[in-house]
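So the structure is just underneath, and the comments pick up after that.
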Amino acid sequence: MMLRRLAQILPALVIPTLVSAHGFVQQVTIDGTVYMGNNLNVATPAPSIIRLVDTNSPVKGTNNSFLNCGQDAQFASLVGNANPGSQLEILWVGGTDGSSNWPHNTGPLMHYMTKCDGSCSTYNSTNSEWFKISELGLEADGSTWYQANLNSRAPANVTIPNTLAPGNYLLRSEIISLQLAMTLGGAEFYPACIQLQIGGSQTQGPTSSEECLFPGCYSDTDAGILTPNIYNPPIQYTFPGPPVASFANAGSSSAAPSSTGSASGSSAGTTSTFASGPSSTIIVSSTPSPTATGQCMLSGRSTSEDVVKRDSRNKRKHKQRLVRSH
């Protein structure tokens, strides 16, 4: 009788803990200018450059359409101004109101970018090709993950590639939490999209072999996603997805040891590290782009141009293993 009673009580105690033990991006600082995001479940979101998700729960499964920009992510009405070489501080927090710190400490932190067709405030990124600009795994000790720095409210830093061509871009910050990834489907994905306008007069970008779709970049059985030995030292970790784009590596220094990921699991293309805390100067200055409402994850576009582009994507060698959702 007592055991039966415990079985009834324990789920009620555990579920609130699990709900509070997730998080989202609350704030982004670009070269000292702070752009605030919104807490979850707000009735009327304030203008922001961060696409607002509707829950702090993780995305599960590599075929999930929400792997693109997060759970039911909505267009944001602002666009942040940045340049090649700009420093971004991305503050990941826990809970639904940001009052707690990021709770997880096991798994990689990666950053991707994709170019928007027009303003990112109205851009549907469903069919976008993303390229990786940084990845962080294990620190030099081979057992502590860089992600653990977020537990003390340190924002993740990432630098816009020094030679990136100007235009409108989404920056996708992603944490993969691996504490349950010993079994298939256990990995937890936390993607967040930030709307940017990149200035300057540089000319470079990724090659087609360095790009991929979300969903599509990952498979549930990838070595960096299904990790049965994640707690068995020495940890051997391989980053999922494409390599860091070669142009992002060129001319950029790294705050993390350079590696293929199979030994220390630490690698970064553009400068990617952790700051001691948020910028002390809170200045929000951004010109609003046309306000838009609606989901970032819309149905795929059906123009003939998109069909041709998708057909050509399927021919790329590195995408032969991609699995798409329908």
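Worth pointing out:
The rows are residues; the columns are (1) under 13 Å from THR106 (Cα atoms); (2) of a type in the set (S, T, N, Q); (3) touching a residue at least 12 places away in the same chain (Cβ under 8 Å).
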{"residue": "GLY185", "(1), (2), (3)": "no, no, yes"}
{"residue": "GLU188", "(1), (2), (3)": "yes, no, yes"}
{"residue": "PRO191", "(1), (2), (3)": "no, no, yes"}
{"residue": "GLN197", "(1), (2), (3)": "no, yes, yes"}
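- Residue within the range 67-74 that is over 22 Å from GLN147 (Cβ atoms), surrounded by fewer than 24 Cβ atoms within 10 Å (Cβ to Cβ) and in contact with a Phe, Trp or Tyr (Cβ under 7 Å, 6 or more places away or on another chain) present: yes
- Residues of the range 199-230 that turn out to be without any contact (Cβ under 8 Å) to a residue 60 or more places away in the chain and either within 22 Å of LEU138 (Cβ to Cβ) or in contact with a helix residue (DSSP H, G or I) (Cβ under 8 Å, 6 or more places away or on another chain) (or both), as a count: 8
- All of LEU178, LEU184 fail the test of being farther than 22 Å from VAL79 by Cα and over 18 Å from the mean Cα position of the chain (by Cα), apart from LEU184.
- Residue check: SER252 meets all listed conditions (1) at pLDDT below 95; (2) of a type in the set (Ser, Thr, Tyr); (3) touching a helix residue (DSSP H, G or I) at 6+ places or on another chain (Cβ under 7 Å) but one, namely (3).
- Single residue of VAL25, VAL19 found to be within 21 Å of the chain's Cα centre (by Cα) and at pLDDT 95 or above: VAL25
- The single condition among (1) under 21 Å from ALA165 (Cβ atoms); (2) of a type outside the set (A, V, I, L, M); (3) part of a strand (DSSP E or B) that SER125 does not meet is (3).
- If you check LEU171, LEU178, LEU213, LEU196 for being touching a His at 6+ places or on another chain (Cβ under 9 Å), closer than 21 Å to ASN127 by Cα, buried (at least 18 other Cβ atoms within 10 Å of the Cβ) and not acidic (Asp, Glu), only one passes: LEU171.
- Residue within the range 87-103 that is of a type in the set (Asp, Glu), assigned to a strand (DSSP E or B) and out of contact with any Leu (no Cβ under 8 Å at 6 or more places or on another chain) present: yes
- Selection from the range 134-180 of residues that are farther than 21 Å from LEU67 by Cα, of a type in the set (Phe, Trp, Tyr) and in a strand (DSSP E or B): TRP145
- Pairs are defined by a Cβ separation below 6 Å, a sequence spacing of at least 6 or placement on different chains, a first member in the range 66-77 that is closer than 13 Å to SER128 by Cα and touching a residue at least 60 places away in the same chain (Cβ under 8 Å), and a second member that is in a strand (DSSP E or B) and among the aromatic types (Phe, Trp, Tyr); the pairs so defined are LEU67/PHE189.
- Only listed residue being assigned to a loop (DSSP other than H, G, I, E, B), surrounded by fewer than 22 Cβ atoms within 10 Å (Cβ to Cβ) and modelled with pLDDT of 95 or more, chosen from PRO234, PRO228, PRO206, PRO257: PRO228
- Qualifying residue in the range 43-53 (condition: over 23 Å from THR159 (Cα atoms), touching a Gly at 6+ places or on another chain (Cβ under 9 Å), aliphatic (A, V, I, L, M) and part of a loop (DSSP other than H, G, I, E, B)): yes
- Check on PRO191, closer than 22 Å to VAL244 by Cβ and not in a loop (DSSP other than H, G, I, E, B): yes
The values are calculated or read from the model by the stated rules, or taken from the named source; none is laboratory data. What you see is a predicted model, and the numbers here were worked out from it, not measured in a lab. Using ideal geometry, Cβ is built from the backbone for each residue, glycine included, and neighbour counts are taken over all protein chains shown.
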